[in-house]
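Have a look at the structure below before the remarks.
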Amino acid sequence: MRRLLLATTILALLAPFAWAAPVSQLAIDHVYVSGSDHVVSLRASDGDGMPVADLEREFEIMVDGKGVGAIKVRSPFDAGPRTVTVVIDGALLQPSSDARPFVEGVLQALANQLSPGDRVRVVSAGPKVSMLEWNSATLKASPGEPRKLAQDGGAKLFDALEEGARAAAASRTASSGLLIVITRGADQGSGRRMADVLARCTVGEGVTSVAVALLEDGGDAKAADKLDRLAGVTHGLMRRTPAVGGAAQDFATAALALSRRYELRFRPLEYDRGEDRHSVEVRMAGGGAGPQATQAYRLSEVSDSPWWKSVWVWVIVLVAIGAAAAVLLMSRRRSIGLLVISGGDDEGTWFELFDLPLTLGSALQNDVLLVGEGVSRNHCVLEREGREVVLVDTNSEKGTFVNDERIRRQVLADEDRIRIGDQLELVYEARR
């Protein structure tokens, strides 16, 4: 009895120093800097690649080789209800689709492994993007519900991915988000690009991992390559699977494991914000040769400081605006006056005068083309004499009139009425 009591006491004393679970690997998926706070998304897995729970006090962190302050850990295992987003080709949900059993098998596996309060959001990619959401218990009881999202026609895959990534980012728990994709890998008519999807997956403090089940019986090789890259950049997974007989249960289990990330929030004790390049190292508490993970990052790429908060950005913008305004003022031509048509179908039509001389007539080569009875091909010309504007008749057949008097050469005044030919009248409006 004494030996048993002694052994129990020793185990109790050593328990705080032992790992809560056999961690074989640590992986940093995302680093984010918000003000003075650093946020690291970390996966801890056992020898089988499955996430390990209950590690809230098991981490040590170094930034640029120096220690950090208190570490606040959020565990994905007690983050409360979560929502898993699934993007599916709408055609795969059609009754005639041979892949529908695999799709519904994945959704059922998700519903079985999620908690009763968790939800499954399905985004259908077709000629349009549509979305519905169910409680996991409802989906478990009614596995045919997603069939409401069946669509015919080509899939706007990247539009659906961007919408799904946006929804998944809004539903992250402990910096972890999950976007599952089941597709044949063909895109038709999307307005979004892969860069838009990737931006949605890595925005803010967390990362949304993308798990892709690519059906092997069709699709676009270029789109498949883009999906493979998306899965790699977001620390997700890519599975090529047959449309018939695919391992739905295994894929769902592996996909859910991706969302089990710890969020480590801390403040470095010594940190040079003037430097752009840094590195963070996470290891299990207690030292030794246990697993560890290191991630290099650039502050300019992971900081939440928006571009418009940079003083230099505004200096450059203001200098550019000032230079553009100066060029505009220097190049602006000053208006001399207006010629406004009075009467007829074109009444109110006006011609602004900048550079003189200016020729008027019915010939196409004139500066101002006038059409009317008695308008000669080269009827008259406006000239500049000092500050005055002079109207000169160029031997027109029907003549040029100013205030009802035929002229050969006349200095114009504001509101002078000009008649060219038999009927065409204009009013001169001076600019001073």
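Cβ separations smaller than 8 Å between residues 6+ apart or across chains give the following pairs from region 413-432 residues that are more than 10 Å from LEU339 (Cβ to Cβ) and without any contact (Cβ under 8 Å) to a residue 60 or more places away in the chain to residues that are β-branched (Val, Ile, Thr) and outside any strand (DSSP E or B): GLY421/VAL375.
So which residues in region 233-262 are at pLDDT 85 or above and either touching a Cys at 6+ places or on another chain (Cβ under 6 Å) or assigned to a helix (DSSP H, G or I) (or both)? If the condition is that a residue be at pLDDT 85 or above and either touching a Cys at 6+ places or on another chain (Cβ under 6 Å) or assigned to a helix (DSSP H, G or I) (or both), then ALA248, GLN249, ASP250, PHE251, ALA252, THR253, ALA254, ALA255, LEU256 are the ones that fit. Of all the listed residues (GLN94, GLN151), the sole one being open to solvent by 30 Å² or more (accessible area, probe 1.4 Å), at negative phi, of a type in the set (S, T, N, Q) and modelled with pLDDT of 90 or more is GLN94.
Rundown of residues vs (1) among the acidic types (Asp, Glu); (2) without any contact (Cβ under 8 Å) to a residue 12 or more places away in the chain, yes/no style:
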| site | (1), (2) |
| --- | --- |
| SER96 | no, yes |
| ASP118 | yes, no |
| LYS128 | no, no |
| THR138 | no, yes |
| GLY144 | no, no |
| GLU163 | yes, no |
| ARG166 | no, no |
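Within region 370-379, take every residue that is under 18 Å from GLY343 (Cβ atoms) and not β-branched (Val, Ile, Thr) and give me the one that is surrounded by the most Cβ atoms within 10 Å (Cβ to Cβ). Residue satisfying both the conditions and the ranking: HIS379.
All but one of (1) closer than 28 Å to TYR297 by Cβ; (2) open to solvent by 10 Å² or more (accessible area, probe 1.4 Å) hold for THR83; which doesn't? Going through (1) closer than 28 Å to TYR297 by Cβ; (2) open to solvent by 10 Å² or more (accessible area, probe 1.4 Å) one by one, THR83 breaks only (1). Scanning region 383-405 for residues that are among the aliphatic types (A, V, I, L, M) and either touching a residue at least 40 places away in the same chain (Cβ under 8 Å) or open to solvent by 90 Å² or more (accessible area, probe 1.4 Å) (or both) yields one hit, VAL389. Of the set (1) more than 17 Å from the chain's Cα centre (by Cα); (2) of a type in the set (D, E, K, R); (3) in a helix (DSSP H, G or I), all apply to GLU162 but (1). Filter region 110-158 down to the residues that are under 12 Å from VAL84 (Cβ atoms) and assigned to a loop (DSSP other than H, G, I, E, B) and list them by number. Residues satisfying the conditions are LEU114, SER115, ASP118.
Say whether the condition of being over 31 Å from the mean Cα position of the chain (by Cα) and either buried (at least 18 other Cβ atoms within 10 Å of the Cβ) or within 30 Å of VAL33 (Cβ to Cβ) (or both) is met by at least one residue in region 110-125. No, there is no match, as no residue in region 110-125 is over 31 Å from the mean Cα position of the chain (by Cα) and either buried (at least 18 other Cβ atoms within 10 Å of the Cβ) or within 30 Å of VAL33 (Cβ to Cβ) (or both). Would you confirm whether any residue within region 263-281 is modelled with pLDDT under 85, in contact with a strand residue (DSSP E or B) (Cβ under 6 Å, 6 or more places away or on another chain), open to solvent by less than 90 Å² (accessible area, probe 1.4 Å) and under 24 Å from PRO51 (Cα atoms)? Yes - at least one qualifying residue is present in region 263-281. Selection of region 38-56 for residues being in a loop (DSSP other than H, G, I, E, B) and surrounded by 21 or more Cβ atoms within 10 Å (Cβ to Cβ) yields VAL52, LEU55. Scanning region 263-281 for residues that are within 20 Å of PHE59 (Cα to Cα) and part of a loop (DSSP other than H, G, I, E, B) yields ARG267, LEU269, GLU270, TYR271. Here region 199-228 is the region considered, the condition is being assigned to a helix (DSSP H, G or I) and open to solvent by 30 Å² or more (accessible area, probe 1.4 Å), and the residue that is modelled with the lowest pLDDT is ALA221.
The values are calculated or read from the model by the stated rules, or taken from the named source; none is laboratory data. Not measured: the values here are computed from a predicted model. Note that we place each Cβ from the backbone using ideal geometry, even for glycine, and neighbour counts take in every protein chain shown. Side chains are part of the model used for accessible areas, which takes the heavy atoms of the whole protein and leaves out ligands, DNA and RNA. Shrake-Rupley method; radii C 1.70, N 1.55, O 1.52, S 1.80 Å.
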